[in-house]
1. Cβ-Cβ below 6 Å, separation at least six or inter-chain, first residue in the stretch 1-29 and free of Cβ contacts under 8 Å to residues at least 60 places away in the same chain, second small (Gly, Ala, Ser) and not in a helix (DSSP H, G or I): which pairs?
2. Mind checking which residues of the stretch 55-82 are under 15 Å from residue 27 (Cβ atoms) and surrounded by fewer than 12 Cβ atoms within 10 Å (Cβ to Cβ)?
3. Quick one: which residue in 49, 64, 79 is away from the ligand (no atom under 13 Å from the Cβ) and in a helix (DSSP H, G or I)?
4. Say we look at the stretch 1-39 and pick out the residues that are outside any loop (DSSP other than H, G, I, E, B), of a type outside the set (Val, Ile, Thr) and near the ligand (Cβ under 7 Å from one of its atoms); which of these is farthest from residue 66 (Cα to Cα)?
Amino acid sequence: MAIDTDNLEQRCPRLGNRVTFQYCLDYGSDGRLPCWKVIDCWWEIFDILTYLKDNFSEEDVKALETARPKSKITSLVELIEQAKKRSTK
Ligand code: SF4
């Protein structure tokens, strides 16, 4: 049975509040890929790897699989930029 990804939500360890799966897809650092923690955050809830393989290129999935934590400063700058983007939509 396929999971309904439109209604998935969980607590984001970076933001400290609940976010939808769609949020994780939309707010990666480059504006194209999902958040770099998407596999780490969702693997216990559903088959995120298969979802990514079905929706992104092999190269993109590899980049997400090998993504490493960024410094706190880099993460903060990214979060501020994402918040700015959201406020202008
Ligand atoms: S994937 Fe990123 S935005 Fe989504 S819950 Fe995890 S840390 Fe938060």
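No lab work stands behind these numbers, since they all come straight from the coordinates. From a predicted model like this one, the values you see are computed outputs, not experimental measurements. Neighbour counts run over all protein chains shown; Cβ positions are idealised from the backbone, glycine included.
1. none
2. 74, 80, listed by residue number.
3. That would be 49, the only listed residue that is away from the ligand (no atom under 13 Å from the Cβ) and in a helix (DSSP H, G or I).
4. Going through the stretch 1-39, the residues outside any loop (DSSP other than H, G, I, E, B) turn out to be 5-7, 9-11, 18-26, 38-39.
Filter once more, keeping what is of a type outside the set (Val, Ile, Thr): 6-7, 9-11, 18, 21-26.
In the following step, the residues that additionally are near the ligand (Cβ under 7 Å from one of its atoms) were identified as 10, 23-24.
Numbers: 10: 23, 23: 21, 24: 17 Å.
My answer is 10.
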